Structures are given as structure tokens and as C-alpha cells.
1. Can you tell me the length gained on complete extension of the stretch residue A:98 to residue A:146, counting 0.36 nm per residue apart and subtracting the Cα distance?
2. PRE reach from residue B:194 (point 7 Å along Cα→Cβ): which of segment A:26-44 fall under 18 Å by backbone N?
3. Can you figure out the FRET efficiency of residue B:5 with residue A:267, using R₀ = 56 Å and their beta-carbon distance, to the nearest 0.05?
4. If packing is taken as the average number of other Cβ atoms within 10 Å across a peptide's residues, how do A:29-38, A:294-303 rank, most packed first?
5. If we sort B:71-79, B:118-126 on the protection proxy, mean other Cβ atoms within 10 Å, highest first, what's the order?
6. Over the whole of A:60-73, what's the average partner chain Cβ count within 10 Å per residue? Rounded to a whole number, please.
7. Quick check: pseudo-label points 7 Å beyond the Cα along Cα→Cβ at residue B:267 and residue A:310, how many nm apart are they?
8. Using only helices, what value at 222 nm comes out for chain A when you add -39,500 (n - 2.57) per DSSP H run of length 4 or more and divide by the total residues, to the nearest 500 deg cm²/dmol?
């Protein structure tokens, strides 16, 4: 923490960070269970494998990856909940797992599946406790709480026991609790999990606004592509404990999808027969036909199709993002495709 | 600056205390009923000792029977006082809550937020106890009033001070013992069987079941060297004048050393446990 200079150094710096767990390997069956009483076999699970990552102050970064890919483990390492097996990490110059109070006053961790508030008490009481824990000045506390509850429109609910709130309302309260001490770095682990579309949207809007106003640094994991598309300029894809992509959402499609989707509207009376000679036919619902072809061949393919068929309308689209990412997950399990963006320096 | 820090600390503690108290009172009905129901076994226990002494009397044919120096009167007095000791030293649900928080990952909040879990939970327990005494004082007073005939008057002031001190120490000792058991959850995720064995031993070794003087040698010497006797036997023995005044402060000193040792152990277990901890439960 001694030499952190926000002007020249990234706010989060991770080098070769690795975390492995030793887990007891259970065998199936009763006999195996009895044998397990005195002889146990262990297996090492490599949750995070030698990750390198730099995040600049003010970035909103999404971690994307299938379940068990190591996203949450990375957030836990960065918030000091667990110790790494090897490697280093610095957040605002602090080593997270040293748990200095100076560091703990400057970040917050919100887990969508965990409750930090006192279940039987009104959220307001938990907030007051946070005021004490983080030693927030009374006036500042009042202002922040008013502002946040206003933005999330939960002012009426502050006095109600948390157990009586809906999941969405509770999540909003969790966010308020996490932001009361105005953290510089915020870790969000699936903040919209299980929420309905409206609640998801509200929380997205709030996060977007708050991050733009305060220019804080946020790392978010989510399974919802909508969260990520709405919020993050930068996406880090983690699968199997390693970073497989680091860049903008659009670039994922450019980098990892070699094909385009052609949508044709055929003229009346024109049959779709024989189209498979030119490209893969995905669906035919006359007069609409959807085709796929390699990106490099789009123009020649179109020219040839137009030569032989009467076409009223054409559109060329990128394949759906979800599909590209699903493909990316699958590919990266076999091959080690790594695409990392060149390190950009922010002003 | 210095006074400001003290002031901050105190308001912080007050807040923790207040919230724990509020939480305790959230389910008023259940809490009150639970507290009062704990008085029922007292009555059955007194009848049990009465029956035991009756049968001794019948077989020995003496007018007043004694059991290793305890008359029926002494026994009831001892029993009531040991209940009072337990009211300070018992920590219902503490060890299992700590183990559950470790298993389910709730303990993360103590790691992520700038708070000390050991101190935070201690304040919570103080609040729980105060809520408990608020409700339990009246029935306790009633029971002691009804049974005043079993006591032979108030002990001298110095003994009374020692008695009060032994109750406060019993509270702290009980807290740190239970906390240590709960922290074992870092190593064994399921501690409920261990907890059961511990509670049984505790019930027996603390003198809650019967006065420890009743134990034959070498068991008596064994329990003398264990910390459990301070949870129920020792406060009662102090009040009843069974601890020699010259020994009283020495014994309290030993108890204090046990307390320091357990505080150190709890700190060590917590620090080591966190190193092992891998953030179970998502």
C-alpha cells in the first residue's frame, strides 16, 4: 500500500494469480464410503490458473464464464476472503488477503445469493450499524442514504423488516448497504440473479448511473448478457480458471465467430430449393430463408444467390451473442485460444 | 483525538449492542415463553433430590440425612445457585451458529467489513444476556424468594463480591469455550455430534447435574483442573461458603488465567481457520 499512485498505476493489478483447492474425492457406493473412513483420495481443483489482469480506475468490467469457471473465486481473492495458492494481487495498492482496515473501508462486495442485512430488522438498522462499522460522518450518512434510497425508490421500505421485502427490494437494500461508505472499488457477484425483468432493469439502470456519476471501479460477474451489454465496456471471459478473452463485447463476435447470418426474403413464387449449394441453410419459412456462411465469402455468396434467385430483401447479421459465447466456452475447453486486448492507458 | 476515538468506539459498541437487542426482541412471544419454560425443570429437579434424600433417610433411620456433606437444604440451595451460574455461562446456539456461518459462508461479512468477529459476537451475546435477564429476573427472584428457607442467610460482602465476579467470569469463560468449539467448524464442516458430546460433558463437568464434591477420587481431582467447574459449580460454591476465603481470590486468579488462555486459543483458531478457509457456499 506504500507506493500506490492512482495517476500512474492501475487500480487493480493481478499477476499470475492461482488458487487450487484440495477436495476429497468421494467414490460411489457403500464399500467405497467405508474405505473412505481410513483411506482418502484427494484431488486438486484448479479454480484459478495463473491469471494476469489490469483494471484502470473508473472501468466497469464484466467477468463472463460458465458456472465453476473461477469468476467468483477471483472476486473472493480480490476481496480478501480467501488466500491464493500463488501469485499476487494489488487493489489500490493493498494486498487484499492482508485485510487491512484501510483497504476494507474502501471496497465492498455484494453477492447476489448472500444476505448481509439483519433478517428480522428493518434495513435502516443494518445501515446504522454500517455507519458505525465504517465510521461514516452523520451528515454524510444522511445524505448518502437519502440519495441512494431515492435513486432506487425504496425510501418507503427502509423501516420494514428485511424478511418482508421481495427479492428485488432486498437486493436494492444490499446495494445501499454496500455503497453507504462510498467505496472506490465495488465487486458484484451476480447482483441480478433470480430477479424479474423489471427489477433487473432497475438495478442495471442504477448501477449505470451510479458508476457514471462517481467514476468508481466495478467488477461484475453475471450470466445475463443483458446486464453486461447494458453496463460494461470491457468483458473478460473466464473458462476453466483462465482468461480466454479480454476486450469489448463487440470484439467477441469479431474474434470468435467466423460466420455471418444471411436473411433473405424471397420474391413470391420463388422456391428455396437448391440454396444449400451456396451456403448452410438454417431455416426455411417461405418467403423467409436464413443462411449461414463464412465471413470471407459473404459477398461472393450473395452475388451468386442473387444471380439465381429472385430476392426481395437481404440482411447480413452477426450471429447472436449468446451463441458466440456458448461456442467460445466450448472451444476454450479443448483449445487454449487466448485473445487479450492490448493494454490501453486511460487518461 | 484520543477522546474522539474512544467516543467512536463506544457509540459503535452501543450500536452493535442495540441491534442485537432489537433482533432478540423481534419475536417477543417466543423469547418470553422460551425464557419462562426454562424454569420448569427446576421444580422437577427439586422433587428428584427430595425423593433421593427421602430414600436415604428411610434406609439409614437418622433424622437428618447428608450426602457427602450436603443436606437436602444445601442441595436445593446449590441447585438454584448453579442455575444462576448457568444463566450467565450458557451460550445457547453460539457454537452451532458460528459453525453454520463458516459452513454457509456468512462469515465472509466479518472478513470483508472492517469489524472483528470475536468482539462483535461478544457484544451480541452481552445484549442477548441482558434481554434474557430482563425477562428472567422476576421468575428467578420469585423462585429464590419461595425457596429462601433453603438458604442460611447472605454471605459476607467480600464473598458476595467474589460471587459477582465469578458470575461475570463464568459468562466470559462460557463465551470463549463455545466460540472455540464453533471455530472447529473451519476444520470439520459438520460439528453437531461434537457439539452434542461437548454439551453432555459440560452439563456433567460444570456441576450442573450435581455438586462436583460428590465425585469420588480420582475424578474429583480431575475436574478440579478443568475449566468447566467455573461455569456452574464454582459460583455456587462461593456463595455457599464452600470456598475458603483465603482461597477465593487465588481461585478467581486461576479462572482469569483460564480466561486469558481461551481468549488466546479463540484468536489462534480464528486466524488459522481463516487461512484454511476457502469461502464455502458460493
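1. Working: separation 48, 0.36 × 48 = 17.28 nm, distance 3.33 nm.
Result: 13.9 nm gained on full extension.
2. Only A:37-38 fall inside the zone, counting backbone N under 18 Å.
3. So the FRET efficiency works out to roughly 0.10.
4. By packing density, highest mean first, the sequence is A:294-303, A:29-38.
5. Working: B:71-79: 19.9, B:118-126: 18.1.
So the order, starting with the most tightly packed, is B:71-79, B:118-126.
6. Averaged over the peptide's residues, the number is 0.
7. 9.0
8. Working: 11 runs with 114 residues, N = 347.
Computed ellipticity for chain A at 222 nm equals -10000 deg cm²/dmol.
Here, each number is a calculation from the coordinates, and none is a lab measurement. On a predicted model such as this, the values are computed, not experimentally measured, just so you know. Here Cβ is always computed from backbone atoms with ideal geometry, including for glycine, and neighbour counts include all displayed protein chains.
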